[in-house]
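A short worksheet on the structure shown next.
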Amino acid sequence: MRSIRLGVNIDHVATVRNARGENYPSPLRAALLCEKYGANSVTIHLREDRRHIRDFDLKVIKKKLKIPLNLEIAPVKHMVKISLKYKPDYVCIVPEKRREITTEGGLNLKRNFKQISKIVKILNKNRIRTSLFINPTIKDVKISKDLNVNCIELHTGRLSNLIKKKRKFKNELTKIKNSSKYADKIGLEVHAGHGMDYKTTKILSKINEIKEFNIGHFIIGESIFDGLKNVIKKIKKKLK
Ligand code: PXP
């Protein structure tokens, strides 16, 4: 049987903590519980404005976590410096706009080719697994290959929104399917991320080429009612 990995994004544990300026709920505690309850990796996004995860979270989580830590960063010099300092197991490069509520789309690979290429080279040299958060298009998969990354993470936000709003989603799903198949064929490991809940996860789990799912907001939100242990268990069941 194919085993699909689950990465849990715990950014929004920090969002709740920061809302009151307290030191709880603790992202470290959440990361260690994700590990205990069967997540395959933990994801954190150190945004430039530090609106959720802060530098000390990265430091302690990297120190205590035994499963791989996936750090999401914008393609900028000082984030590379931080990555080299704390050495997460994985780095996923994501676009970042100050005003956005969340990561709104994939990277503009064409415009940022030179900068991303430089960063990927440094991370590869330091044996950090590299990934690019991209829109599900063949063109972007091809450019990702030229950028020499290990993996791509396909942005599933559009698909998730269509499904949640009960609108037609077949075209978007086909784009994700085709991009996944093509990426796999040319030797890129395929991941999926953004906006997923139980239903979207189940639908996307049928695409054999997707090896890793990175899910955050839904898992953390649903855990308020059902507990992290149950939610991770239920998401993992959808991935079978
Ligand atoms: N993958 C990437 C690259 C992201 O930027 C995010 C959001 O931070 C996620 C996955 C998780 O998305 P969500 O919180 O909507 O599940």
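Key figures for this structure:
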{"item": "Residue within the range 70-82 that is in contact (Cβ under 8 Å) with a residue 60 or more places away in the chain, more than 15 Å from residue 29 (Cβ to Cβ) and surrounded by 14 or more Cβ atoms within 10 Å (Cβ to Cβ) present", "result": "yes"}
{"item": "Identity of the residue in the range 83-103, within 15 Å of the ligand (Cβ to nearest atom) and within 16 Å of residue 41 (Cα to Cα), that ends up surrounded by the fewest Cβ atoms within 10 Å (Cβ to Cβ)", "result": "90"}
{"item": "Per-region count, the range 137-166, residues away from the ligand (no atom under 14 Å from the Cβ), open to solvent by 60 Å² or more (accessible area, probe 1.4 Å) and under 23 Å from residue 216 (Cα atoms)", "result": "3"}
{"item": "Residue in the range 105-115 that is surrounded by 21 or more Cβ atoms within 10 Å (Cβ to Cβ), within 23 Å of residue 130 (Cβ to Cβ) and of a type in the set (Phe, Trp, Tyr) present", "result": "no"}
{"item": "Any hit, the range 129-136, residues being modelled with pLDDT of 95 or more, open to solvent by 50 Å² or more (accessible area, probe 1.4 Å) and within 14 Å of the ligand (Cβ to nearest atom)", "result": "yes"}
{"item": "Filter result for residue 40 (open to solvent by 20 Å² or more (accessible area, probe 1.4 Å) and polar (S, T, N, Q))", "result": "yes"}
{"item": "Members of the range 65-82 that are closer than 12 Å to residue 45 by Cα and within 13 Å of the ligand (Cβ to nearest atom)", "result": "70, 71, 72, 73, 74"}
{"item": "Members of the range 1-31 that are more than 14 Å from the ligand (Cβ to nearest atom), open to solvent by 60 Å² or more (accessible area, probe 1.4 Å) and either on the phi > 0 side of the Ramachandran plot or not charged (D, E, K, R) (or both)", "result": "1, 3, 19, 21, 23, 24"}
{"item": "Out of 54, 99, sole residue that is among the basic types (Lys, Arg) and free of Cβ contacts under 8 Å to residues at least 40 places away in the same chain", "result": "99"}
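The values are calculated or read from the model by the stated rules, or taken from the named source; none is laboratory data. Being a predicted model, the structure only gives us computed values, none of them experimental. Heads up, the Cβs are rebuilt from the backbone with ideal geometry, glycines too, and the neighbour counts pull from every protein chain shown. These accessible areas exclude ligands, DNA and RNA; they are computed on the full protein's heavy atoms, side chains included. Shrake-Rupley method; radii C 1.70, N 1.55, O 1.52, S 1.80 Å.
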